[in-house]
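The values are calculated or read from the model by the stated rules, or taken from the named source; none is laboratory data. This is a predicted model, so every value here is computed, not measured. Because the Cβ atoms are built from the backbone with ideal geometry, glycine has one as well, and the counts that use them run over all protein chains shown.
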Amino acid sequence: MKLFILIKNKMKEVTLWFIIKDGKILLPLKKRGFGEGLYNGFGWKLENWETPQQAMIREAKEEIWIDITKLVQKWIITFIFEEKPERDQKGYIYLIDDFKWNIVETEEMKPYWFDLDKIPYDKMWEDDKIWLPVFLSGENFEFEFIFDKNGKLRKHRRIR
């Protein structure tokens with residue numbers, strides 16, 4: 001008799017956040033690591049003891065020298081990588097409404113401002129063109145995206 005044991009990894013929890021000001025959105029270009037060469041929102045992994053909001057505020061201060069004074073979170077995205085479960089993530093998405101800042105380029109990312117009608121979707125993850133317009137409309141949502149072994153979007157569904 002064979003015994004099969006399925007061990008489900010604990011999905012990483014991450015924050016993903018955006019700053020919108022004067023009709024523009026701030027998108028950093030990832031300079032190294034996972035997502036290198038793509039624009040995206042700012043984001044980080046949670047430490048075991050942190051809430052998503054605590055992680056976002058801590059990392060924003062440490063990494064790009066921004067003090068967040070007001071934020072809104074009402075969006076969730078789950079990313080599943082079929083053959084790389086260590087990359088699976090549950091992302092809590094925030095809109096930063098008020099902040100004190102001196103946004104700087106870091107070793108990992110270089111921030112750029114884009115007009116809201118000129119977002120470079122062709123230089124972003126495939127899923128961004130699906131959910132980012134919904135985010136920009138202010139509508140609440142939860143999405144799930146599944147990527148194949150090559151990181152290409154295979155399917156998605158909107159949960160709410």
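Overview of results
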| read-out | value |
| --- | --- |
| Hey, I68 surrounded by fewer than 17 Cβ atoms within 10 Å (Cβ to Cβ) and assigned to a strand (DSSP E or B) or not | no |
| E139 vs. criteria surrounded by fewer than 16 Cβ atoms within 10 Å (Cβ to Cβ) and touching a Gly at 6+ places or on another chain (Cβ under 8 Å) | no |
| Filtered residues of the stretch 1-52 (kept if surrounded by fewer than 14 Cβ atoms within 10 Å (Cβ to Cβ), assigned to a strand (DSSP E or B) and at pLDDT 85 or above) | K21 |
| Number of positions in the stretch 117-130 that are in contact with a strand residue (DSSP E or B) (Cβ under 6 Å, 6 or more places away or on another chain) and closer than 13 Å to L27 by Cα | 3 |
| Some residue of the stretch 111-123 being within 14 Å of the chain's Cα centre (by Cα) and either in contact (Cβ under 8 Å) with a residue 40 or more places away in the chain or surrounded by 14 or more Cβ atoms within 10 Å (Cβ to Cβ) (or both) | no |
| Subset tally (residues that are out of contact with any Asp or Glu (no Cβ under 7 Å at 6 or more places or on another chain), at pLDDT 95 or above and of a type outside the set (D, E)) for the stretch 97-128 | 7 |
| Test: residue in the stretch 75-96 that is among the small types (G, A, S), modelled with pLDDT under 95 and in a helix (DSSP H, G or I) | no |
| Subset of the stretch 86-107 [of a type outside the set (F, W, Y) and either in contact with a helix residue (DSSP H, G or I) (Cβ under 7 Å, 6 or more places away or on another chain) or loosely packed, with under 14 Cβ neighbours inside 10 Å (or both)] | E86, I93, D97, D98, K100, N102, I103, V104, E105, T106, E107 |
